[in-house]
Amino acid sequence: MQSREFSGVMVCAGVEVPYRRQAPEGTTGDLLAQAFRMALAQSGFAAKEIDGLGVASFTLSPDHAIDLAWRLGLSPRWCMDDCHGGASGINLLQHAVRAIQCGDANVIALVSGDRFQPSDFKQLVDHYNLTTRVWLRPLESGGPNALFAMLTQQHAQRYGLSRTDYGALCVAQRGWASRNPQAVYRTPLSIDAYLDAPLVADPLGRFDCVPVVSGANAIVVARTDLAKHGTRVAVRALRCAYNVDHQMGDGLQTSLVTLAPALWRDADMTPDQMDLVSVYDDYPVMALVQLADLGFAPDADLRALISRISSHELPVNTSGGQLSAGQAGAAGGMHGLVEAVTQLRGEAGERQVRDATRALVSGYGMVEYRYGMCANAVVLEAVGGGSQ
């Protein structure tokens, strides 16, 4: 039975402007506009039917969502900027769904992305927020790698894991990426190659650290009775948590652990009923932490979970995830969402999960001086078709 909380709204498109290692010509606005046009084409809506716009981007500045709306020729009744990093995509989705249910808009386009020159990324890392600028920039810490290296050390000690265990996730995701023509890194990865890669911040090697790329993503959300042709995706349940308490802990849990019971209750489903999962994967350890928090390792046996992921018994990050497809700035928060929509529409090509009708997507964002300050998750279900 459709969850009443999010009834009446469909995700009608999910697209990705191919990620690139080198910044393309043009601006971040150009990438977002391209994603917008692609989403219109897939959804069947005309630009004049779009009355809501949500934007997540680090490098669109000094422009905002309303500036992009003007550039796209829109006159939205609902407009939103988001700055929650890896939690942006699902955060935008939650607000868009609520806006449609409340009658503030009927058809909303959500776009995210960034165009990075090397100087842009350094600027982002050094000035991510006030805490980073004041306490980390003077140390020349180089970004989050050192923080997550220490977190990985703690996680490995607690659960008895080795570099080979974390590497198994990277290898599995590269296997999915090899079937994804839009993934930036598609060359098959062996565990030996993973272990032989240069260390970045012990125990993190090159393949543990998400590669920075340029690109954009977009989805279209609409009132159910207005949805056009093709398979649509229903939002069964959606929850967000902004839990500062986790900043005081050891980082081995996210605020997903606090929202998971209500999420599964709202969806009237369990983790075992998911056909695929997309979790925010800036580092392998965070993929495991989110999966555990969401109930995919109820006995805390992470090696068994890793085995299920490696064998593709549990399809996780079927695009290759950000570790192989790349992280296009704020688009990283929407990448897994777009992949889930693509799978549920049956349009994933060689990497298509057979008979996929249900997916779980999680986001995790705003790494401050310590750990991520917000997290969210959504359960999606294909209606009016589904994958083949």
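Summary of computed values
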quantity: Residues located in the stretch 259-273, provided they are more than 21 Å from Ser7 (Cβ to Cβ) and either touching a residue at least 24 places away in the same chain (Cβ under 8 Å) or under 19 Å from the mean Cα position of the chain (by Cα) (or both); calculated: Ala260, Pro271
quantity: Boolean, Asp355 is modelled with pLDDT of 95 or more and either in contact with a helix residue (DSSP H, G or I) (Cβ under 6 Å, 6 or more places away or on another chain) or surrounded by fewer than 24 Cβ atoms within 10 Å (Cβ to Cβ) (or both); calculated: yes
quantity: Residue that is surrounded by fewer than 19 Cβ atoms within 10 Å (Cβ to Cβ), closer than 25 Å to Cys374 by Cβ and either in contact with a helix residue (DSSP H, G or I) (Cβ under 9 Å, 6 or more places away or on another chain) or not hydrophobic (A, V, I, L, M, F, W, C) (or both), where the choices are Pro62, Pro24, Pro18; calculated: Pro62
quantity: Of all residues making up the stretch 247-273, the number that are within 29 Å of Val212 (Cα to Cα) and in contact with a strand residue (DSSP E or B) (Cβ under 6 Å, 6 or more places away or on another chain); calculated: 3
quantity: Some residue of the stretch 177-186 being out of contact with any Asp or Glu (no Cβ under 7 Å at 6 or more places or on another chain), in a helix (DSSP H, G or I), in contact (Cβ under 8 Å) with a residue 60 or more places away in the chain and at negative phi; calculated: yes
quantity: Residue identified as under 15 Å from the mean Cα position of the chain (by Cα) and free of Cβ contacts under 8 Å to residues at least 40 places away in the same chain among Leu305, Leu323, Leu276, Leu291; calculated: Leu291
quantity: Matching option when the condition is on the phi > 0 side of the Ramachandran plot and touching a Pro at 6+ places or on another chain (Cβ under 7 Å), among Gly326, Gly349; calculated: Gly326
quantity: Qualifying position, being in the same structural domain as Pro261 (by TED's automatic domain parsing), modelled with pLDDT of 95 or more and farther than 20 Å from Val171 by Cβ, among Gly295, Gly321, Gly329; calculated: Gly295
quantity: Qualifying residue in the stretch 227-240 (condition: part of a helix (DSSP H, G or I) and either under 21 Å from the mean Cα position of the chain (by Cα) or in contact (Cβ under 8 Å) with a residue 60 or more places away in the chain (or both)); calculated: no
quantity: Criterion violated by Ser214 - all others in (1) more than 26 Å from Leu294 (Cα to Cα); (2) over 18 Å from the mean Cα position of the chain (by Cα); (3) surrounded by 15 or more Cβ atoms within 10 Å (Cβ to Cβ) satisfied; calculated: (2)
quantity: Test: residue in the stretch 32-39 that is under 21 Å from Gly320 (Cβ atoms), of a type in the set (Lys, Arg) and either at pLDDT below 95 or within 23 Å of the chain's Cα centre (by Cα) (or both); calculated: no
quantity: Members of the stretch 75-126 found to be among the small types (Gly, Ala, Ser), modelled with pLDDT of 95 or more, surrounded by fewer than 24 Cβ atoms within 10 Å (Cβ to Cβ) and part of a helix (DSSP H, G or I), listed by number; calculated: Ala99
quantity: Residue within the stretch 152-170 that is touching a Cys at 6+ places or on another chain (Cβ under 9 Å), of a type in the set (Gly, Ala, Ser) and touching a residue at least 12 places away in the same chain (Cβ under 8 Å) present; calculated: no
quantity: Qualifying positions in the stretch 196-231 - among the aliphatic types (A, V, I, L, M) and more than 19 Å from Gly320 (Cα to Cα); calculated: Leu199, Val200, Ala201, Ile219, Val220, Val221, Ala222, Leu226, Ala227
quantity: The lone exception for Pro62 - which of (1) outside any loop (DSSP other than H, G, I, E, B); (2) more than 22 Å from the chain's Cα centre (by Cα); (3) without any contact (Cβ under 8 Å) to a residue 24 or more places away in the chain it fails; calculated: (1)
quantity: Positions within the stretch 247-257 being assigned to a helix (DSSP H, G or I) and within 19 Å of the chain's Cα centre (by Cα), in sequence order; calculated: Leu256, Val257
quantity: Flag if Asp196 is over 20 Å from Leu288 (Cβ atoms), at pLDDT below 95, more than 21 Å from the chain's Cα centre (by Cα) and not assigned by TED's automatic domain parsing to the domain that holds Arg21; calculated: no
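The values are calculated or read from the model by the stated rules, or taken from the named source; none is laboratory data. In this text, all values refer to a predicted model and were calculated from it rather than measured experimentally. Using ideal geometry, Cβ is built from the backbone for each residue, glycine included, and neighbour counts are taken over all protein chains shown.
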